[in-house]
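S.K.: Structure in structure tokens, see below.
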Amino acid sequence: MTDRQEVARTIAADPATIFDVLRDPKGHVAIDSSGMLQSFTGEPATGVGDTFVIHMDREALNDYPELGKYDVTCTFTTYEPDREIAWTILGQLRPQIGHVYGYTLEPVEGGTRVTSYCDWSNIDPVYAGLPWPIVPESALRATLGILARTVERH
């Protein structure tokens with residue numbers, strides 16, 4: 001049993017262009033394929049510890065519709081410009097879950113190899129019984145497709 005899910009795709013854009021989308025809350029909302037990310041408050045991240053708020057709507061997944069609309073704070077745990085970015089989700093649940101979402105960027109011929117991941121290896125034991133991963137692989141793949149469409153047209 002793994003505690004990490006990742007998918008990868010080569011995108012015809014340089015790492016800096018892709019990284020700019022991934023550090024920006026507007027970018028998070030724009031490339032989300034799940035439909036949960038509705039809007040944001042805050043500025044682009046510039047380093048580890050930076051935060052912004054994403055306004056969510058869980059009805060889009062219809063897995064926990066009773067959650068409805070809520071806010072989460074993305075707190076950046078890894079910030080290596082043009083190489084890797086990752087954040088944990090801080091929400092209303094106590095204790096915090098502790099899962100991490102992120103991307104690694106590797107220059108390759110024809111663009112950048114982008115790997116999207118979700119890591120739940122350090123979640124609080126209270127949440128070990130949840131069905132991991134929360135966001136299905138198909139949604140991570142679709143988000144990479146939207147990211148490609150977003151950066152390749154500029």
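S.K.: If Lys and Arg each add +1 and Asp and Glu each add -1, what is the summed charge of the other residues whose beta carbon sits under 11 Å from the beta carbon of Arg141?
M.R.: Net charge in that neighbourhood comes out at -1.
S.K.: List the residues whose amide H sits under 5 Å from the amide H of Asp50, counting only those 5 or more places along or on another chain, with H placed 1.01 Å from N in the peptide plane.
M.R.: Here the answer is Phe76, since their amide H atoms fall under 5 Å of that of Asp50.
S.K.: Taking only Cα atoms, what is the 0 to 90° angle, nearest 10, from helix 137-152's long axis to the longest principal axis of the chain?
M.R.: Result, in degrees: 40.
S.K.: So I have (i) 1.29; (ii) 1.47; (iii) 1.00, and one of them is Cα Rg over 2.2 N^0.38 Å calculated from this model. Which one is it?
M.R.: Here Cα Rg over 2.2 N^0.38 Å agrees with entry (iii).
S.K.: Can I ask one more? Mean separation of Cα pairs under 8 Å and 6+ residues apart, divided by the residue count of the range 24-108: what relative contact order is that in percent?
M.R.: So the answer I get is 19 percent.
S.K.: Let me ask you something else. Could you compute the net charge surrounding Gly110? Neighbours are other residues with a C-beta less than 14 Å from the C-beta of Gly110; K and R count +1, D and E count -1.
M.R.: Net charge in that neighbourhood comes out at -2.
S.K.: In addition: At 0.36 nm per residue, minus the direct Cα-Cα distance, what do Thr73 and Arg153 gain on full extension? Give it in nm, one decimal, please.
M.R.: 25.9 nm
S.K.: Could you please report the charge total around Tyr64, scoring K, R as +1 and D, E as -1 over all other residues with beta-carbon less than 14 angstrom from its beta-carbon?
M.R.: Residues close to Tyr64 contribute a combined charge of -2.
Taken together, the values in this text are just the output of simple stated rules run on the coordinates, not laboratory data. All figures in this text were calculated on a predicted structure; none of them were measured in a lab. Using ideal geometry, Cβ is built from the backbone for each residue, glycine included, and neighbour counts are taken over all protein chains shown.
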